[in-house]
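Comments concern the structure below.
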Amino acid sequence: MEKRELLYEGKAKKVFKTNDPDLLIVDYKDDATAWNGEKKGTIPGKGAVNNRMTNYIFRILEEKGIPTHYVQELSDRETVVKKVKILPLEVIVRNAAAGSFSKRLAVEEGLELLNPTVEFCYKDDRLGDPLIDASYMPALGIASQTEMNKMVEYALTINEILMPFLEEKKLRLVDFKLEFGRYMDQIILADEISPDTCRLWDTETNDKMDKDRFRQDLGEVEEAYIEVARRLGL
Ligand code: ADP
Ligand code: UDP
């Protein structure tokens, strides 16, 4: 596999072309941003943790029948993935109240929800990734009704797989964000699943073990990422 020119540099990853037009290489950075890029920083070692954790989880999900973009881990930070057409959506699953949900509805952080929820945000930095009603997606031609149904089905199945898996590692999966893409007329899971994109709380102490430590200046950010990797055996 040959790494070719930089296709895109995002806030947390670089994406490179390869000699195969259907494949890309993602390269995870230690850079961190929050509040739509307003807060910037570095979390040493984060890129490697996020790369290895994402790949580990994507391999488990593949085994359980969820199609993903994962192809091959090349190094601590680099992974070969299938090139997809990313849908400009953040698919957010919640098991407990936190973050924007708690704020919007004045619900105490940590309150267990009676059922998992799935919501969609429209990925647009200029607009600050606004929450959108499900009916907007087919209406705006962002995703078809069939694609939407598939994303909700996958999101809930992923939650069913990850919740008990992380619980065993003493991590409570409070909420997480997924991105999907189109690949040969199929919807497949893309991007990452990591402490950048999940809220993970220690099951005993309720300590935050994710990017909220960075967002909220809680300290020991680097240590939290390393500890998550350690608990996963990575
Ligand atoms: P952002 O763009 O939000 O700053 P990143 O720094 O994580 O995010 O950049 C990675 C970019 O690559 C994201 O825009 C993501 O949607 C995109 N991406 C993730 N997986 C794939 C894939 N398999 N094919 C094409 N693009 C992808
Ligand atoms: N999330 C993410 N990227 C985003 C926004 C949210 O990965 O651009 C994740 C976030 O880490 C959390 C979940 O999605 O695990 C729900 O986030 P929320 O809607 O509460 O937004 P926030 O509080 O981060 O603004």
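The values are calculated or read from the model by the stated rules, or taken from the named source; none is laboratory data. Everything numeric in this text was worked out from a predicted model, so none of it was measured. FYI the Cβ positions are ideal-geometry reconstructions off the backbone, even for glycines, and counts take in every protein chain you see. In case anyone asks, the SASA skips ligands and DNA or RNA and just uses the protein heavy atoms, side chains included. Shrake-Rupley method; radii C 1.70, N 1.55, O 1.52, S 1.80 Å.
Tabulated data for the structure shown
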| quantity | calculated |
| --- | --- |
| Choice from 64, 103, 14 with maximal GNM fluctuation in the chain (Cα, 10 Å cutoff) | 103 |
| Cα-based Rg of the stretch 1-138 normalised by 2.2 N^0.38 Å, two decimals | 1.20 |
| For residue 30, residues with placed amide H under 5 Å, excluding near neighbours | 47 |
| For residue 89, residues with placed amide H under 5 Å, excluding near neighbours | 123, 180 |
| Distance histogram in 10 Å bins (all Cα pairs of the stretch 90-136, percent per bin) | 26, 51, 23, 1 |
| J(HN,Hα) series, the stretch 108-125, from Karplus relation 6.51 cos²θ - 1.76 cosθ + 1.60, nearest Hz, glycine and proline x | 4, 4, x, 4, 5, 7, 6, 8, x, 10, 10, 9, 10, 10, 8, 6, 7, 4 |
| Residues of the chain: accessible area per residue with a 1.4 Å probe, Å² | 49 Å² |
| The stretch 154-234: radius of gyration and largest Cα-Cα distance (Dmax), Å | 13.8, 45 |
| Among 87, 173, 200: highest mean-square fluctuation, GNM of the chain, C-alpha pairs under 10 Å | 87 |
| Interchain or long-range residues, amide H under 5 Å from residue 129's placed H | 124 |
| Evaluated at q = 0.09, 0.17 Å⁻¹: base-10 log I(q)/I(0), Debye formula over Cα of the chain | -0.36, -1.46 |
| Pairs from 3/46; 39/150; 85/208; 29/169; 64/177 whose Cα-Cα separation, in the structure shown, is over 31 Å | 39/150; 85/208 |
| Cα centroid separation, the stretch 177-234 to the stretch 1-36 (Å) | 19 Å |
| Percent of C-alpha pairs per 5 Å bin, the stretch 61-132, short to long | 3, 12, 14, 17, 16, 16, 13, 7, 1 |
| Within-11-Å neighbourhood charge of residue 117 [Cβ basis; K, R +1; D, E -1] | -1 |
| Percent accessible area from carbon and sulfur atoms, the chain, protein chains only, probe 1.4 Å | 49 percent |
| Choice from 185, 212, 76 with maximal GNM fluctuation in the chain (Cα, 10 Å cutoff) | 185 |
| Distance in nm between pseudo-label sites at residue 36 and residue 135 (7 Å out along the Cβ direction from Cα) | 2.6 nm |
| Local net charge near residue 96, Cβ-Cβ under 11 Å (Lys/Arg +1, Asp/Glu -1) | -1 |
